[in-house]
1. Measuring from label point to label point, each 7 Å out along Cα→Cβ, what is the A:Glu372 to A:Gln260 span in nm?
2. Excluding residues fewer than 8 places away in the same chain, name every one of the lysines whose C-alpha is closer than 21 Å to that of B:Lys128.
3. Based on DSSP H runs of at least 4 residues, each adding -39500 (n - 2.57), what is the mean residue ellipticity at 222 nm of the protein assembly as shown after dividing by all its residues, to the nearest 500 deg cm²/dmol?
4. Can you tell me the Rg and Dmax of region B:346-434, counting just the alpha carbons, in angstroms?
5. For region B:306-387, just the Cα atoms, rotate onto the principal axes and tell me the three extents in Å, largest first.
6. If eta is 1.567 mPa s and T is 4 °C, what Stokes-Einstein diffusion coefficient results for chain A, Kirkwood Rh from Cα pairs, in µm²/s?
7. Report the charge-dipole magnitude of the protein assembly as shown in Debye, nearest 20, computed about the Cα centre from +1 at each Lys and Arg Cβ and -1 at each Asp and Glu Cβ.
8. If you keep only loop residues by DSSP, which GluC sites (Glu not before Pro) in region B:23-117 have at most 12 other Cβ atoms within 10 Å of their Cβ?
There are 2 protein chains.
Amino acid sequence: MPTDRSAFLAEAADLLGPRGLTGDPDLLAPWLTDWRGRFTGRALAMASPASTAEVAALVRLCGRHGVPIVPQGGNSGMCGGATPDPEGDALLLSLRRMAAIRSFDAEAKQIVCEAGVVLQTLHEAVEKKGLRFPLTLGGKGSATVGGLISTNAGGTQVLRHGSMRAQVLGIEAVLADGSVFSALVPLKKDNRGFDLKQLLIGSEGTLGIVTAATLRLLPAIAERRVLWAGVPSLEGARALLLHAQEIAGDALEGFEVMPQHTLDNVVAHLPGARAPLGGRHEWHALIELVADGSGADGLPDLAENLLGRAFEAGLIEDAAIAASETQAEAFWALRDSIAPAERAQGPAVQHDISVAVERMPAFVDTAVPLMEATWPGSRAVAFGHLGDGNIHFHVIAPPGVDPLEWQTGDGKAISDQVYALVTEWNGSISAEHGIGQLKRDALEKLGDPVALAMMRRVKDALDPQGLLNPGKLVPLAPVDATN
Amino acid sequence: MPTDRSAFLAEAADLLGPRGLTGDPDLLAPWLTDWRGRFTGRALAMASPASTAEVAALVRLCGRHGVPIVPQGGNSGMCGGATPDPEGDALLLSLRRMAAIRSFDAEAKQIVCEAGVVLQTLHEAVEKKGLRFPLTLGGKGSATVGGLISTNAGGTQVLRHGSMRAQVLGIEAVLADGSVFSALVPLKKDNRGFDLKQLLIGSEGTLGIVTAATLRLLPAIAERRVLWAGVPSLEGARALLLHAQEIAGDALEGFEVMPQHTLDNVVAHLPGARAPLGGRHEWHALIELVADGSGADGLPDLAENLLGRAFEAGLIEDAAIAASETQAEAFWALRDSIAPAERAQGPAVQHDISVAVERMPAFVDTAVPLMEATWPGSRAVAFGHLGDGNIHFHVIAPPGVDPLEWQTGDGKAISDQVYALVTEWNGSISAEHGIGQLKRDALEKLGDPVALAMMRRVKDALDPQGLLNPGKLVPLAPVDATN
């Protein structure tokens with residue numbers, strides 16, 4: 001029998017006012033299913049506090065009543081980390097109302113955003129001042145600063161600029177006891193003990209609720225060159241990557257790869273799309289070079305030089321440089337359309353995995369034929385961020401299968417096999433999407449027991465009641481007794 | 001009455017063998033006083049395990065007997081973090097015998113070092129392959145990889161390359177229960193939960209004992225230009241820093257500042273030294289530009305251009321570019337001799353502090369006259385890493401005082417005042433040297449209570465017996481009860 005929560009809800013309504021709390025099923029519905037539609041939960045209500053002080057008071061209230069809290073930003077996470085469980089006893093805590101830019105220092109290249117600021121809004125705000133925020137991803141129209149920090153989000157610019165972790169100069173978070181960890185002042189050097197900020201980043205709301213952050217900004221891009229190259233193998237793509245890093249250094253902003261059949265599929269799917277090169281190549285690499293200010297004049301030469309020397313060294317079979325910004329956009333559109341083109345093909349299981357960069361070609365060359373042999377009729381596809389050792393490894397169902405049946409049957413077994421394989425290769429079952437509820441059991445099964453025990457201990461220490469995003473990320477098993 | 005530790009020592013001797021354990025006072029003595037000579041302790045014995053497995057077995061043994069452990073690398077820390085207390089009940093655990101380079105992949109630019117590898121040895125090993133490790137500091141002949149990681153060490157290259165934290169790709173550490181946290185495989189992207197590696201870095205051996213690490217390497221420097229500029233104020237130095245960042249971008253490797261009277265003092269102290277500029281200027285900036293490979297040809301022009309445009313903009317009063325590598329070394333020798341020149345002047349209290357970069361000029365302009373007015377006859381000196389917002393703020397005693405009496409009397413009061421002031425300015429009482437035992441009480445008094453409580457909880461969770469480097473870094477006060 002569910003606990004009676006009427007006293008809690010009355011107190012929460014008093015605390016947050018009419019704009020801050022709703023139990024209306026129609027208003028709640030869009031936020032109770034994750035955006036890929038894999039998980040649906042229920043909630044007592046949705047709270048939308050307007051300030052850090054309100055979040056803190058609400059967390060204390062939840063503590064007194066033993067009410068679990070599921071923090072949520074744009075609800076565009078990939079692993080169900082922001083979706084409550086079906087029990088319906090948790091409070092959904094939306095941070096979307098806290099969407100203020102608290103301060104913006106263009107000279108110091110820093111911005112203080114509340115958790116609910118949407119990534120695209122952030123991009124637009126800083127572009128007006130000739131700056132940029134160097135992290136972007138498909139869900140930028142809904143993803144929030146708080147969610148990006150809580151999942152340590154990645155994207156296509158990690159190669160040069162790092163994941164979200166690298167962009168966070170300071171953080172403010174409400175802890176499980178309602179205290180406010182306030183470390184927004186960005187100190188480039190600060191050795192006053194454990195780096196607690198790092199512990200909160202990527203913890204998916206299980207250790208604290210991020211309410212604001214100070215983010216670093218970079219000068220706007222003055223010039224870019226987008227290149228496309230055909231290479232004979234993924235190992236060849238890596239050789240080209242090393243070459244590009246040597247020639248272009250910090251001007252190398254992105255390096256993405258896809259196999260020929262994936263490109264074919266995108267070209268067939270995307271209206272008006274054309275393959276950048278005339279011929280066919282086993283693998284294709286998309287390379288972006290950028291210059292911010294001083295190096296802009298030299299960029300065209302750098303691009304020519306990079307490709308010229310790659311030809312001479314026999315690293316590439318064919319290549320093209322986008323002749324205009326329109327063509328550059330068209331090159332990127334091919335990369336960005338891989339996922340939708342694949343979805344049009346039928347059901348697939350998707351894996352966001354990483355191994356050491358230098359081992360990725362061998363991993364893919366092992367995993368693709370292995371999966372296709374083990375699961376006849378399936379098609380294994382690897383594409384993405386080779387420069388980060390992070391490949392999106394998708395296995396597409398054989399034609400004609402029942403989507404739902406396949407997802408929960410063979411699809412599940414395929415994922416188990418992929419995760420076991422990547423663990424064997426000392427890789428990660430989550431490179432950039434996090435764990436959430438989707439991969440929690442896989443992490444519990446395959447993760448290093450020492451690391452899992454540490455995580456469990458830290459979680460118990462900082463959230464002894466277990467009310468912060470329960471059931472997400474942290475394995476449920478108790479810590480082994482110390483001997 | 002001290003506990004009888006003979007059973008423990010017999011078991012430890014069995015475990016580690018004759019090379020692995022000594023109680024010889026002569027062999028122990030050099031390691032029982034910190035290198036600045038501020039702290040002297042005693043120890044049961046000094047253990048020197050030869051492998052991670054031995055460290056793990058030893059930690060378990062200590063756990064069974066309740067013996068505290070003080071890990072130590074090169075014993076060149078600045079805050080007494082590796083010096084045992086005078087009780088003498090702790091085991092000194094030297095990591096110096098674990099000095100192997102386990103693997104070195106020049107192509108992937110990665111090296112796996114055991115904790116006892118000395119920084120200078122690391123530099124030399126990678127230089128042979130045309131690479132460099134981008135962190136250096138005065139104690140490089142003794143500082144070890146394990147100590148550098150445990151204190152998150154800084155130095156003069158943090159501006160471009162970050163502190164030790166930014167160099168660590170993977171880590172291996174023995175935890176308090178004797179389990180081995182093994183995360184040496186470098187994954188550029190890995191979102192499998194809390195970033196435990198970050199928690200261990202900078203924790204001064206209070207959460208685990210670092211036994212090995214995978215470190216990132218960079219291409220060797222192909223060319224450098226060292227510049228010296230005279231500016232009218234520290235605010236003017238910061239304007240020059242912003243200018244240099246805009247013009248030089250990633251080529252800017254270092255930016256150090258010192259006032260005229262400090263330069264005078266160095267020139268008077270250092271045999272054969274000459275001031276780089278003919279005239280006198282309130283402040284001096286030392287700027288290093290570097291190129292690794294591709295940009296080498298453009299570096300001389302970049303240096304000229306940077307200074308030329310700075311003159312035009314009225315940012316500098318005078319400037320010089322080192323005409324040779326010898327002269328470049330001479331410029332750096334002036335910077336590196338500030339501390340010895342100061343020591344020759346008499347006793348001083350030294351503070352390694354940081355505030356937000358953009359506020360540092362105002363901080364120094366406030367703090368210097370304040371200290372000199374409050375402590376008549378004293379001289380306040382600020383110099384160092386302006387680009388990191390990290391200044392070494394020293395207060396030199398009035399001439400003729402008794403050194404010991406002053407250090408423990410007025411000197412102590414001066415430090416209290418400096419730390420209170422920097423905390424008021426939202427800065428850090430330890431920018432790069434850590435907390436150790438030197439600043440533990442100051443941290444407890446001035447630190448954010450929320451952060452301190454989090455630290456205490458994490459410490460208790462991961463080291464419930466409190467045997468890992470007790471009395472260092474983590475405040476002793478118990479965690480407040482959760483309401």
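Readers should treat all values here as calculations from the given coordinates under stated rules, not as data from a laboratory. No experiment lies behind these values; they were computed from the predicted model shown. All Cβ positions, even for glycine, are placed from backbone atoms using ideal geometry, and neighbour counts span all protein chains on display.
1. Going from the A:Glu372 label point to the A:Gln260 one covers 1.2 nm.
2. B:Lys109, B:Lys140
3. Numbers: 36 runs with 346 residues, N = 966.
Result for the protein assembly as shown, helices only: -10500 deg cm²/dmol.
4. 12.5, 38
5. If we take the Cα atoms of region B:306-387, the spans are 41, 30, 21 Å.
6. Numbers: Rh = 23.8 Å.
Answer from the Stokes-Einstein relation: 54 µm²/s.
7. Details: 80 positive and 114 negative charges, 226 e Å.
Computed about the Cα centre, the dipole is about 1080 debye.
8. Those satisfying the criteria are B:Glu107.
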